[in-house]
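See structure below.
Just so you know, all these numbers are worked out from the coordinates, no wet-lab data involved. Predicted, not measured: the structure shown is a model, and the values here were computed from it. Positions of Cβ are generated from backbone atoms using ideal geometry, with glycine treated the same way; all protein chains shown enter the neighbour counts.
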Amino acid sequence: MVKRNFTDINNHFNLILASNSPRRQFLLKDLGLNFTLKTKPTEEDFPPDFKAEKIPLYLAEKKATAFVNELKPNDLIITADTIVWINNMVLNKPADADEAKKMLMLLSGKMHQVFTGVCLLSANKKEIFYAETKVHFKLLTDEEINYYIANFKPYDKAGAYGAQEWIGYIAVEKIEGSYFNVMGLPLRELYTALCSF
């Protein structure tokens, strides 16, 4: 197995992040990696019998596969998909304030899981992996939920919340696993995968 150091990653690969998520862009930049952005519209549907980590793994691979015919030798596409899983069902991005409120009420006072699937794709290799984090929420009041929805942007976030925002400050009692996974990109796992890709 090839084992690269940090400098090798930047020198060897033309990293391409295929994501519109400002949080993923911020995290990858803070990891010290050089990358460009390139996205393609991809339908985020999945087989109805898929559960938990199978969903983001499938979607991350689907997003990467859209680029398969245009990869140059040193290109390395990074795609990711994050879901919130609770009560044996998936919470994606809410369509409106009512749906956001229903999601936050469902998460209130309970533990939920956050799964992020990541796909690394080059012209001759593919690697897919996922990270899981358990997040414990305190009981939220209607006032707290309404304030968050009115003053922040829950509509581009799985489960209608961002742990790095106000709701995360006041609601998260405990996290088991990667905090950055909850933000949408499990950095340690990604770095380890890049070093051995």
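Using +1 on the beta carbon of Lys and Arg, -1 on that of Asp and Glu, and nothing else charged, what's the dipole of the chain about the Cα centre, debye to 20?
With only Lys, Arg, Asp and Glu charged at Cβ, the dipole is about 540 debye.
Using a Cα distance threshold of under 18 Å, what count of lysine pairs results for the stretch 99-197 when pairs must be 8 or more residues apart or interchain?
Pairs that pass both the separation and distance tests number 14.
Under the 0.36 nm per residue contour assumption, what length would be gained going from the current alpha-carbon distance of H136 and N34 to full extension?
Additional length available on full extension: 33.3 nm.
So for the pair A95, N146, with labels modelled 7 Å out along Cα→Cβ, what separation do we get in nm?
The answer from the label model is 2.4 nm.
Over the stretch 6-196, what relative contact order in percent results from Cα pairs under 8 Å that are six or more residues apart? Intermediate results must be reported in sequence, preceding the final value.
Numbers: 358 pairs, mean separation 42.8, N = 191.
Averaging sequence separation for qualifying contacts and normalising by length gives 22 percent for the stretch 6-196.
Could you order the peptides 43-52, 14-23, 168-177, 121-130 from most to least packed, using the average number of other C-beta atoms within 10 Å per residue?
Sorting 43-52, 14-23, 168-177, 121-130 by mean packing, highest first, produces 14-23, 121-130, 168-177, 43-52.
How are the C-alpha pair distances of the stretch 6-196 spread across 5 Å bins, as whole percents from the shortest bin up?
Each 5 Å bin holds this share of Cα pairs: 1, 8, 17, 20, 19, 14, 10, 6, 3, 1, 0.
Which residues does a label at N74 reach in the stretch 9-23, if reach means a backbone N under 14 Å from a point 7 Å past the Cα toward the Cβ?
Once the point is set 7 Å along Cα→Cβ of N74, 9-16 turn out to lie under 14 Å by backbone N, inside the stretch 9-23.
If I model a spin label at D49 and E127 as a point 7 Å from the Cα along the Cα→Cβ vector, what separation in nanometres do I get?
3.1 nm
For the chain, what is the mean residue ellipticity at 222 nm derived from helices alone (per DSSP H run of n ≥ 4: -39500 (n - 2.57); sum divided by total residues; nearest 500 deg cm²/dmol)? Mind showing how you got there, number by number?
On the way: 8 runs with 70 residues, N = 197.
My calculation for the chain gives -10000 deg cm²/dmol from helical runs alone.
I need the calculated FRET efficiency for the pair S108 and A193, taking r as the beta carbon distance and R₀ as 41 Å, to the nearest 0.05.
Efficiency computed from Cβ-Cβ geometry: 0.75.
Could you pull out every one of the aspartates and glutamates with an alpha carbon less than 12 Å from that of K54, ignoring same-chain neighbours closer than 8 positions?
Candidates past the 8-residue exclusion: D81, E132.
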